[in-house]
C-alpha cells in the first residue's frame, strides 16, 4: 500500500484554490469542480489512508506515462484497446475521475489518463474487485436514471456534481452502496494520479523536495 505524506493534502488544497481562482478570473462557475463550500470533490488525508484501498499492481503503475494534451489523449483513447471497460463505462469513469481531480494550471486526473490505468489495474487485479467496481459504475448510471432519466455520462456537469456531492456527504441512506464506491474511487484516483508525472509535478510544485515519504502512523501500516 502506498503511503502519503501530509504534503498530499496540501497539494489538494492548492489545486482547489487554483480552480477557484480560475473560476473567479473567468467570471463563471464550473459547477462540476465545486462542492458545497466552493471547493473540489477531493480527498482528506484520512480518505487516502484507508485500509480498504485497492492494491496497485507494480506492472500497471510502471506503465503510467507522462501526461498528454487533452487532444492527444482523446486520439489515444480512440485507438487503444480497453481491457475491462466498454466504451460507455470508459466514458463514465473518465468523467468521474475528472470531477474528482480536475485540470487547473496543471493536468487533472482525466488528462493524466487515470481512467485508463484504472482499467489496467482491474484487468490485472482480483476478479471480485473488478466485478465490484463495474457494479459501482452501473450503480451510478442507475442512480442517475432514477433522478434524471439519463445515464450519468449524459447528465449536465451540474447534475453530475450534485450526485457526487450527496455521495461524498454520505447522508443518503439508500445511496450507501454508491457512497462506498465513490469513496473507493476517490482514493484510487488520488493514488494513481500522484504516481503519474502530472501528479508528481503537482505534488511537488514550487520547488519543494519530492513528497514520496510514507505515512508513519502505526494504524496505517
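Each of 187, 83 was scored by other Cβ atoms within 10 Å of its Cβ. Listed from fewest to most, they are 83, 187. A full extension of the chain between residue 150 and residue 197 corresponds to an added length of 13.4 nm, given 0.36 nm per residue minus the alpha carbon distance. Residue separation of residue 176 and residue 205 scaled by 0.36 nm, minus their Cα-Cα distance, works out to 6.8 nm of gained length.
Which whole number in µm²/s is D for region 76-180 by Stokes-Einstein, with the Kirkwood Rh taken over Cα pairs at 4 °C and 1.567 mPa s? Can you show the working numbers first?
Numbers: Rh = 14.5 Å.
After rounding, the answer is 90 µm²/s.
Judged by the mean number of other Cβ atoms found within 10 Å, the most tightly packed of the peptides 165-178, 131-144, 91-104 leads the ranking 91-104, 131-144, 165-178. Going by neighbour counts of Cβ atoms within 10 Å, the residues 146, 201, 191 line up, fewest first, as 146, 201, 191. Ranking of 156, 196, 189, 106 by neighbouring Cβ atoms within 10 Å, starting from the fewest: 156, 106, 196, 189.
Bear in mind that the values in this text are calculations on the coordinates, not laboratory data. Not measured: the values here are computed from a predicted model. Positions of Cβ are backbone-derived with ideal geometry, glycine not excepted, and every protein chain shown enters the neighbour counts.
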